[in-house]
């Protein structure tokens, strides 16, 4: 997709459908990964990318530490944090860790998608793969 993509790191597919709907509206694609440790490799390829991290109920500190670590290594990246209902109390720790946006509701993703689109426009992602070689 010409506009770029958003990387979604979540164990399940709870957030994926809502993200796809909102990202389609702003012209971005969704790339899904399942493990927090995969985020580093994704951002290494696109250091100013957009990353959405799900904060899980069973170990919210792990995700918060991950946000801090990734923001230190990739300061140009945009990190958005999401969590299921009942985890509203991690909003401020997530924002302090470096997330630019936080929500516990799939219905509140439109502002996050618009934020991601503005970030992607300011930081175009390099083309990778076969098409990049054909265009050079």
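Which of the residues that make up the stretch 103-120 are surrounded by fewer than 13 Cβ atoms within 10 Å (Cβ to Cβ) and in contact (Cβ under 8 Å) with a residue 24 or more places away in the chain? Residue satisfying the conditions is 107 alone. The set of residues in the stretch 22-40 being farther than 20 Å from residue 64 by Cβ and either in contact with a strand residue (DSSP E or B) (Cβ under 6 Å, 6 or more places away or on another chain) or in a helix (DSSP H, G or I) (or both) consists of 22, 23, 24, 25, 26, 28, 29, 30, 31, 32. Exactly one residue out of 68, 82, 90 is in contact (Cβ under 8 Å) with a residue 60 or more places away in the chain and either touching a strand residue (DSSP E or B) at 6+ places or on another chain (Cβ under 9 Å) or not in a strand (DSSP E or B) (or both), and it is 82.
In the set 56, 38, 42, which member is surrounded by fewer than 16 Cβ atoms within 10 Å (Cβ to Cβ) and more than 18 Å from residue 107 (Cβ to Cβ)?
Numbers: 56 fails: surrounded by fewer than 16 Cβ atoms within 10 Å (Cβ to Cβ); 42 fails: surrounded by fewer than 16 Cβ atoms within 10 Å (Cβ to Cβ).
Going through 56, 38, 42 in turn, just one is surrounded by fewer than 16 Cβ atoms within 10 Å (Cβ to Cβ) and more than 18 Å from residue 107 (Cβ to Cβ): 38.
Scan the stretch 93-102 residue by residue and report those that are crowded, with 19+ Cβ neighbours inside 10 Å and assigned to a helix (DSSP H, G or I). Within the stretch 93-102, 94, 97 meet the criteria. Confirm whether residue 75 is in contact with a strand residue (DSSP E or B) (Cβ under 9 Å, 6 or more places away or on another chain), surrounded by fewer than 18 Cβ atoms within 10 Å (Cβ to Cβ) and modelled with pLDDT of 95 or more. So residue 75 does not fit the description; no. Residue-level check: of (1) in contact with a strand residue (DSSP E or B) (Cβ under 6 Å, 6 or more places away or on another chain); (2) within 21 Å of residue 123 (Cβ to Cβ); (3) crowded, with 19+ Cβ neighbours inside 10 Å, residue 4 misses just (1).
The values are calculated or read from the model by the stated rules, or taken from the named source; none is laboratory data. Bear in mind that the values here come from a model prediction, so they are computed numbers and not experimental data. Ideal geometry is used to build each Cβ from the backbone, glycine not excepted, and the neighbour counts take in all protein chains shown.
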